Amino acid sequence: MTKATSAARDDRPPLLALVGPTAVGKTAVSLRIAEALDAEIISGDSMQVYRRMDIGTAKLPLAEREGIPHHLIDILEPEEPFSVSMFQSLCAEKIREIHERGKLPFLVGGTGLYVESVCYGFEFQGDSGDEAFRERMRHFAQAHGAEALHARLAAVDPSTAARLHPNDERRIIRALEVFETTGRPLSETQAQTRAAPKTSPYRLCLIGLTMDRAALYRRINERVDAMIAQGLVEEVEALIRSGVPQDAVSMQGLGYKEIAAYLRGECSLAEAVERLKRDTRHFAKRQLSWFRHMQDLVWAEADEEGKIDDLFKSICAIIAGKFHLDLEYIR
């Protein structure tokens, strides 16, 4: 149990959030923190919402969740679309429900925009958009290829193009649509949004896990090897066999698009695995870049060997300071 010390009154509900790059060790320490603070975990991962996509998303099996409730996991079929605005709405609802139960909402994940949108209540335009423009761009990609569509974005918004994989057709078209309708690159709009001072609808404690870069990359490589050993190829094969379109949002996730390319005969398994390792390392680098610009974030250093006692203590000290808790009451 925890006990609050005297502090200026703040009636906003508390929200604890833990972010960090893939493979840094968020899952293990989040379980320890959730147990100590009587918290319920909300997944801040844009891929763990999908059922039947377990290995490639590093989804924690139900039996290993130690009885701690986990939310926004396995809520959609792989064929269904998902967006940051949908996540934001669902997450706000879960935070409210958890708070009403007298528990601490604990948002854990590595999808920076998703987590930040909840922490600061970003406002998003509706998803309707210019469907006619999107259809023209889809036809363009079919006629000229993914690289040509990506090059088209690079010509008007090189920053966004640099962070999107050429096969990520949906996001490339969305970025082109923003430029078409506003005359401004998506990257410019996002930069201005992120630079503006933000206020949170919550009493927010935002913690980021980091690790020596070389150590993190070793862990990423080891994780990919473990995913292959656990049956990632078979998981992707089963999804395709069940009729999940390979251009679905879910199939653009790390691990799925690389293995799908292997299954289509476009590369060897060894080449697919190396691409996955490379793409995951690049993704971790982008995650860290995003997190470094997040307002209010306090960093904690993770141990390469996965030892979490010292990490747990340092995180508890951060939480105690932010939420005005007595450390001795954190079990």
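See the values below:
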{"item": "Among residues of the range 190-217, those that are assigned to a helix (DSSP H, G or I) and crowded, with 16+ Cβ neighbours inside 10 Å, counted", "result": "3"}
{"item": "Restricting the range 173-195 to residues that are modelled with pLDDT of 85 or more and touching a Ser or Thr at 6+ places or on another chain (Cβ under 6 Å), the residue that is nearest to Val118 (Cα to Cα)", "result": "Leu186"}
{"item": "Meets criteria (aromatic (Phe, Trp, Tyr) and farther than 21 Å from Ser30 by Cα) for Phe82", "result": "yes"}
{"item": "Filter result for the condition that a residue is closer than 25 Å to Thr199 by Cβ and either out of contact with any helix residue (DSSP H, G or I) (no Cβ under 7 Å at 6 or more places or on another chain) or without any contact (Cβ under 8 Å) to a residue 12 or more places away in the chain (or both), over His99, His144", "result": "His99"}
{"item": "Residue within the range 299-307 that is of a type outside the set (Lys, Arg) and out of contact with any Leu (no Cβ under 9 Å at 6 or more places or on another chain) present", "result": "yes"}
{"item": "Flag for Arg219 being farther than 28 Å from Gln295 by Cα and basic (Lys, Arg)", "result": "no"}
{"item": "Which listed residue, of Lys313, Lys257, Lys307, is in contact with a His (Cβ under 9 Å, 6 or more places away or on another chain) and among the basic types (Lys, Arg)", "result": "Lys257"}
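Table: residues versus (1) out of contact with any helix residue (DSSP H, G or I) (no Cβ under 6 Å at 6 or more places or on another chain); (2) closer than 18 Å to Arg223 by Cα; (3) touching a residue at least 12 places away in the same chain (Cβ under 8 Å).
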site	(1), (2), (3)
Gly20	no, yes, yes
Arg32	no, no, yes
Glu35	yes, no, yes
Asp45	yes, yes, yes
Gln48	yes, yes, yes
Arg52	yes, no, yes
Asp74	yes, no, yes
Pro81	yes, no, yes
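The values are calculated or read from the model by the stated rules, or taken from the named source; none is laboratory data. Source: prediction; values computed, not measured. Every residue, glycine as well, gets a Cβ built from its backbone with ideal geometry; the counts of neighbours run over all protein chains shown.
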